[in-house]
Amino acid sequence: MGRMVEELRNAINRYKHLLKGGEIDYDKTLLVEEIEEELIENAKRNDEIIKILDNNELTTALAKLTEKLREDYVRVSEKLGHRLTNFDEALEAFLTGKKDVPGFNIIFIIIQAYARLKAQLYEEEKGNINNSTAECPVCGAISRTMLKEDERTYSMICPFCGYKWIVSTNGLRCPYCGNTDKLAIGVFTGKKLKRLGLAWCQSCGETWRVVLDKGIKVPRLFLTALSFGAEIYRNAIPRDADVTDS
Ligand SMILES: [Zn+2]
Ligand SMILES: [Zn+2]
């Protein structure tokens, strides 16, 4: 078992009580992690792939790696015990968000692995950059997970590639509209246990999840899953205001 899989397994065992309703499919989650770790480790040993990921935006890099993705597609389908379906259709489905096309989940796993590797390379080079929006600077995904680093510093974590960026060094800030008025952003959390919270910006109406307890040490991608535990506070938000979360 690889290091990443081991870390994820320990994290799930330790924190599954925070997952609302425990809706995580344990075996499947670990199998996917095992496959992604293998893809990442194999890619790391290939200088050509590293060069392409290092020197290009993710979408450009993926276009240059299409033949590699095609090979991965066959192997990952096999590993998951899925019938091999059309690669080009699956890739097209991923790029246009058509989740019900066969092979979507296979291509999702493969592209996520390369995105995670790109995020690692990016972080090694640039660290955790300042970016005041919810859009991941590495892969472009929109994050709904914020991490409170200290009283003034807040980061966002990408749910797709795991990159972490600093969204504010000057107190809580809405990553969707830029509102910094503390009185206009509410964070709903437990009366005693303040590990997770649900933030609501009265200025734009967006809601997002906040990990309030930095002591929760888990792999970053799992932290985005874990943060769903904050959904139990959703009924604290005035109903007519809750319009935009996805
Ligand atoms: Zn990302
Ligand atoms: Zn806002």
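The set of residues from segment 187-218 being closer than 16 Å to LYS148 by Cα and assigned to a loop (DSSP other than H, G, I, E, B) comprises GLY190, LEU193, LYS194, ARG195, LEU212, ASP213, LYS214, GLY215, ILE216, LYS217, VAL218. The lone criterion from (1) surrounded by 14 or more Cβ atoms within 10 Å (Cβ to Cβ); (2) under 18 Å from PHE160 (Cβ atoms); (3) of a type outside the set (S, T, N, Q) left unmet by TYR73 is number (2). One residue stands out in segment 57-86 among those that are more than 22 Å from GLU123 (Cβ to Cβ) and among the β-branched types (Val, Ile, Thr): the one that is nearest to the chain's Cα centre (by Cα), namely VAL76.
Note on segment 161-185: among residues that are among the basic types (Lys, Arg) and either more than 13 Å from ligand 2 (Cβ to nearest atom) or surrounded by 15 or more Cβ atoms within 10 Å (Cβ to Cβ) (or both), the one that is modelled with the lowest pLDDT is ARG173. Of all residue pairs spaced 6 or more apart or on separate chains, none has beta-carbon atoms under 9 Å together with a first member in segment 108-119 that is farther than 14 Å from ASN46 by Cβ and outside the structural domain of ASN56 (by TED's automatic domain parsing) and a second member that is within 11 Å of ligand 1 (Cβ to nearest atom) and not aliphatic (A, V, I, L, M). The requirement of being buried (at least 23 other Cβ atoms within 10 Å of the Cβ) and within 16 Å of ligand 1 (Cβ to nearest atom) is satisfied by CYS158. When the residues of segment 130-158 are filtered to those that are of a type outside the set (Val, Ile, Thr) and not in a loop (DSSP other than H, G, I, E, B), the one that is farthest from VAL187 (Cα to Cα) is ASN130.
The values are calculated or read from the model by the stated rules, or taken from the named source; none is laboratory data. The shown structure was predicted, so the numbers you read here are calculated from the model rather than taken from an experiment. Cβ atoms come from the backbone with ideal geometry, glycine included; neighbour counts cover every protein chain shown.
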